[in-house]
Amino acid sequence: MGDTGADPASRRGRMMRGAAIALVAVLLAGAAVFGIQLLRSRYDVPRADLLGGMSPPTSTPSPTPSPTTPPGADITGPLNILLVGIDPRESVPTWQPNADAVLILHVTKGLDRGYLFSLPRDLVVDIPSFPKAGYGGGRTKLTHAMSYGSRRTGGARPDVAQGFQLLAKTVSKYTGIARFDAGAVLNFRGYRDLINAIGGVDLYVDQRVASIHLRPDGRMRTPGGTNGYSGPQMVYEKGQRHFNGWQALDYARQRYISGGDYTRQRHQQQLLKAMLRKVLDRKLASDPAGIDRVLRAVSKTLVFDGQGRRPIDFAFALSNLRPEALTLVGLPGLGVESGGGYAGEQLEQVGRKFIAELRAGRAEAFLKANPKLVVKG
């Protein structure tokens, strides 16, 4: 599971996991302080057709629900939510976004337990044809499904929502998960602000990590040299430490370390859980100004598709999903070669088996028999 370091495009990988889960948590905290109506009117998260009508909701919510009925009261489990992180490069109109992070949250039937796992961005998969983007299908890295699907005719700017649709179809085909109940695309905008808004996070650094990208003061390193940069490096030494926004983002994006991208996935999931615990902390829940900062940051960080439902509906439906009930799962994999060169990644058999057991509702038993898959920290 070592890092091959052979794919230059992966240097653009960004830490996007966690914002959607943080969204759920902060909406729950915010509801307790501000009230449902204020949340509806003031903190509207952008929405788009990310799933392409992939599957209709089990029941259609009423357009004028009774004020006594809490949001999301008709949402039932199990649920599958697809989270995708991109670097949108908005300053480049022709930029076709890659899926830099692909994450699946599975919530059990009782909506009180969840399993969160990642698929490697370089996972070699079969991408289905997608006529609206003029793509005929092919076998390549998962990350490219987003860019291929985002293409539009006539020189129009690539459509991120359209790219998400092809990515969702690709993930569905690979995992056998026929339906995604919600999806979110996450980007850099507001992400550092989101972590700063919750007062930063505390993490245990499980190995020495030297930043490829940033100096100790948070500025970018000089282009050139080893792995594309040179000059002083920010270093995260092993041990307990507090991270602000840029530090957390930088630490969790590093892949040129022992364990490569799979270690990066572990660090990202650990950061996610730290964020989730922080936003549910009682001090934040009793701080209207703090919640205001968090919700504003979230609204700038993601675009959501709830198959006809709003983010707040899912937030209230998942009110019993606490941090201790969220299991982080790391799926091991290894590099694939083609023609003597690096072609991408593939999951080991135990990882593929986990996904099958998850679909069958036997994830808990499988993880008890395979405890090494559970991400600690």
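The values are calculated or read from the model by the stated rules, or taken from the named source; none is laboratory data. The structure presented is a predicted model; accordingly, all values stated were derived computationally and were not measured. When we count neighbours, we look across all protein chains shown, and the Cβ atoms used for this are built from the backbone with ideal geometry, even at glycine.
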- request: Restricting attention to the range 224-280, report how many residues are touching a residue at least 24 places away in the same chain (Cβ under 8 Å) and at positive phi.
  value: 5
- prompt: Among (1) farther than 30 Å from R219 by Cβ; (2) modelled with pLDDT of 80 or more; (3) not in a strand (DSSP E or B), which single condition is L328 missing?
  reply: (3)
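Among what's in the range 195-240 and is of a type in the set (D, E, K, R) and either touching a strand residue (DSSP E or B) at 6+ places or on another chain (Cβ under 6 Å) or loosely packed, with under 12 Cβ neighbours inside 10 Å (or both), pick the residue that is farthest from K278 (Cα to Cα).
Here the residue is R221.
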- prompt: For the range 113-139, which residues satisfy the criterion of being surrounded by fewer than 18 Cβ atoms within 10 Å (Cβ to Cβ), over 18 Å from G53 (Cβ atoms) and out of contact with any Lys or Arg (no Cβ under 8 Å at 6 or more places or on another chain)?
  reply: G136, G137, G138, R139
Selected residue (criterion: surrounded by the fewest Cβ atoms within 10 Å (Cβ to Cβ)) from residues of the range 241-273 that are more than 19 Å from the chain's Cα centre (by Cα) and among the hydroxyl-bearing types (S, T, Y): S258
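Residue-wise test of (1) more than 22 Å from Y115 (Cβ to Cβ); (2) over 19 Å from the mean Cα position of the chain (by Cα); (3) aromatic (F, W, Y).
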residue: Y135; (1), (2), (3): yes, yes, yes
residue: L142; (1), (2), (3): no, no, no
residue: A145; (1), (2), (3): yes, no, no
residue: Y148; (1), (2), (3): yes, yes, yes
residue: T153; (1), (2), (3): yes, yes, no
residue: T175; (1), (2), (3): no, no, no
residue: A184; (1), (2), (3): no, no, no
- prompt: R219: under 25 Å from I86 (Cα atoms) and at pLDDT below 90, yes or no?
  reply: no
message: Just the residues that are of a type outside the set (G, A, S) and part of a strand (DSSP E or B), please, taken from the range 207-246.
response: V209, L214, M220, T222, P223, Y229, V235, Y236, Q240, R241, H242, F243
- prompt: Within the range 206-216, which residues are free of Cβ contacts under 8 Å to residues at least 40 places away in the same chain and under 9 Å from D250 (Cβ atoms)?
  reply: L214
- request: Look through F366, F304, F354, F316 and report the one residue that is under 22 Å from T76 (Cβ atoms) and not in a strand (DSSP E or B).
  value: F316
message: Please count how many residues of the range 156-186 are part of a loop (DSSP other than H, G, I, E, B), touching a Lys or Arg at 6+ places or on another chain (Cβ under 8 Å) and under 30 Å from R359 (Cα atoms).
response: 2
query: Are any residues in the range 241-253 of a type in the set (A, V, I, L, M) and touching a strand residue (DSSP E or B) at 6+ places or on another chain (Cβ under 7 Å), and if so, which ones?
result: A248
task: Restrict the check to the range 297-320 and report whether at least one residue is closer than 23 Å to S118 by Cβ, surrounded by fewer than 20 Cβ atoms within 10 Å (Cβ to Cβ) and of a type in the set (K, R).
output: no
- prompt: Can we say K353 is surrounded by 11 or more Cβ atoms within 10 Å (Cβ to Cβ), more than 20 Å from the chain's Cα centre (by Cα), over 14 Å from I177 (Cβ atoms) and at pLDDT 95 or above?
  reply: yes
query: Does Q307 fit the bill of being within 22 Å of I212 (Cβ to Cβ) and touching a residue at least 60 places away in the same chain (Cβ under 8 Å)?
result: no
message: Residue under question is R219, and the condition is that it be in contact (Cβ under 8 Å) with a residue 24 or more places away in the chain and not β-branched (V, I, T); does it hold?
response: no
